[in-house]
Amino acid sequence: MSKPIQCPNCGEEISGDYMSADNMRRMFFATLRDVHANLRDEFRDRWPNAEIMRKHVLIAIGYCDAMTVAVGSKAAAPAVANAFKVQNQYCIAIVRGDVVTIFTARSMARRALPKKEFRDVVEKVFAYIAAQTGIDPRQSQEAA
């Protein structure tokens, strides 16, 4: 039997069940891996792996944080955007003149995204992927 995990702030025991992924989340990530494995080449170029696909789709559906930076010059803006991309390969940086906007997908961890909201995000992710690629992740999920 493993040693219980305790909160560093209050000392209360944290359930191992709370720390593990539930079936719904495991199925979501497995479905995304299956969808990615079946993508046409044009989409593989856009999303080289399932994690990049997931995070870019989260950004596309608006489940993300955005940060806007006024760089001060049009010439420096692309370098600033690239610096953010080097720091976080999953972010999307858009340059408009001397302004860079960085979009970063939000966490889908259980603490950050309760079950009801998780379902809503999953539906939007699956709908976006189906609209973009023609592959319906819900059919893949039902077959499992």
Karplus ³J(HN,Hα) for region 82-91 (6.51 cos²θ - 1.76 cosθ + 1.60, θ = phi - 60°; Hz, whole; x = Gly/Pro) runs 5, 4, 5, 5, 5, 5, 9, 5, 8, 6
Carbon and sulfur atoms account, in whole percent of the 1.4 Å probe accessible area of region 42-144, for 51
Sorted by chain and number, the residues with a modelled amide H under 5 Å from that of Asp22, at a separation of 5 or more or across chains, are none
Note: probe point = Cα of Asp120 + 7 Å toward Cβ; backbone nitrogen < 20 Å; residues of region 80-104 passing the test are 104
Placing each pseudo-label 7 Å from Cα in the direction of the beta carbon, Ala112 and Val99 end up separated by a distance in nanometres of 2.5
If amide H atoms are modeled at 1.01 Å from N in the peptide plane, then the residues at a separation of 5 or more from Arg106, or on another chain, having amide H under 5 Å from its own are Cys64, Asp65
With every protein chain kept in place and a 1.4 Å probe, region 95-144 has an accessible area per residue in Å² of 58
Rg/Rh over Cα atoms for region 18-62, Kirkwood Rh, comes to 1.04
Expressed in nanometres to one decimal, the distance between label points 7 Å along Cα→Cβ at Ala75 and Ala127 is 4.6
Residue by residue through region 38-45, the couplings from Karplus 6.51 cos²θ - 1.76 cosθ + 1.60 with θ = phi - 60°, in Hz, x for Gly and Pro, are 9, 6, 6, 4, 4, 7, 5, 5
Under the Karplus relation with 6.51, -1.76 and 1.60 and θ = phi - 60°, whole-Hz ³J(HN,Hα) for region 49-56, x at Gly and Pro, equal 8, 5, 5, 5, 4, 4, 5, 5
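The values are calculated or read from the model by the stated rules, or taken from the named source; none is laboratory data. No experiment lies behind these values; they were computed from the predicted model shown. Note: ideal-geometry Cβ built from the backbone for every residue, glycine included; neighbour counts use all protein chains shown. Ligands, DNA and RNA are stripped out before the accessible areas are found, and what is left, the full protein with its side chains, is counted by its heavy atoms. Shrake-Rupley method; radii C 1.70, N 1.55, O 1.52, S 1.80 Å.
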